[in-house]
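Trainee: This structure is in structure tokens; I'll ask about it shortly.
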Amino acid sequence: MMFHNREDAANQLIIALKQFRHENAVVLAIPRGGVPLGKKISEALHFPLDISLIKKIGHPANKEFAIGAVGLEDEFFTETERTVSRDYVDEEIDKVREKLQKRYHQYMGDRHPVSLKNKTVIIVDDGVATGSTLLATVQMVQHQDAAKIIVAVPVGAPAAIRKLRTVADDVICLETPTDFRAVGQFYENFEQVNDREVIEMLH
């Protein structure tokens, strides 16, 4: 299946997500590409919309090797974190969280993040390649006592979708093509979403 653009992908996801329309739910969009889909889905199903901002923390000896991730209000770490000094971890958490808070304010203004406690949380992105961002997002949402976590994407690499199914309560993925190489491969129009567009959608 080829999606015309993100709006077309959102319209098709809305059909699949109507089964949750009577739940106490929140749509959590992954900036920037997930925001156009999240906005359309939240409006169609009358759910509040928020964004998820997460940044991984790398090992001091190899920044590419993630030892955990930090969100606006929570963080989680792998077992490897125990081999790293607490001072390093605390310093990285403070540094990353300050950047995330500035970015959240840039996108959302003075609004506070929506409480996810006891909610059905629908995490939305425009596609999944490795799944690392969505996996980290699911783990972060779990720490916020969500009642149910649903990942909703138009297209994803089969291996990434399999991984997500092991951590989320449900994964709605319209297409898992075996020839997956990149998300943009399945969109006729996959122009980058910029910060200005995200801000306009969220206000």
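Trainee: Going by the conditions given, is L45 at pLDDT 95 or above and under 26 Å from A182 (Cα atoms)?
Mentor: So L45 does not fit the description; no.
Trainee: Of the numbered conditions (1) within 27 Å of V155 (Cβ to Cβ); (2) exposed (fewer than 14 other Cβ atoms within 10 Å of the Cβ); (3) touching a residue at least 60 places away in the same chain (Cβ under 8 Å), R21 fails exactly one; give the number of that condition.
Mentor: Answer for R21: the failing condition is (3).
Trainee: Which pairs have Cβ atoms under 7 Å, sit 6 or more apart or on different chains, and link a residue in the stretch 85-112 that is more than 18 Å from D74 (Cβ to Cβ) to one that is at pLDDT below 95?
Mentor: Y88/P60; G109/H203
Trainee: Next question, about the same structure. Which of the residues belonging to the stretch 181-200 are in contact with a helix residue (DSSP H, G or I) (Cβ under 7 Å, 6 or more places away or on another chain) and part of a loop (DSSP other than H, G, I, E, B)?
Mentor: Scanning the stretch 181-200 gives F190, V193.
Trainee: So, in the stretch 24-60, how many residues would count as being touching a residue at least 40 places away in the same chain (Cβ under 8 Å) and either at positive phi or surrounded by 16 or more Cβ atoms within 10 Å (Cβ to Cβ) (or both)?
Mentor: 25
Trainee: Then there is this: For the stretch 156-190, name all the residues that are surrounded by fewer than 16 Cβ atoms within 10 Å (Cβ to Cβ) and touching a residue at least 60 places away in the same chain (Cβ under 8 Å).
Mentor: Once the filter is applied, which keeps residues that are surrounded by fewer than 16 Cβ atoms within 10 Å (Cβ to Cβ) and touching a residue at least 60 places away in the same chain (Cβ under 8 Å), the stretch 156-190 yields E188, N189.
Trainee: Could you tell me which residue of the stretch 130-173 is farthest from A66 (Cα to Cα), considering only residues that are modelled with pLDDT of 95 or more, part of a loop (DSSP other than H, G, I, E, B) and not acidic (D, E)?
Mentor: Per the criteria, the residue is A147.
The values are calculated or read from the model by the stated rules, or taken from the named source; none is laboratory data. A quick note: this is a predicted structure, and the numbers were derived from the prediction, not measured. In this analysis, Cβ positions are derived from the backbone assuming ideal geometry, glycine residues included, and neighbour counts consider all displayed protein chains.
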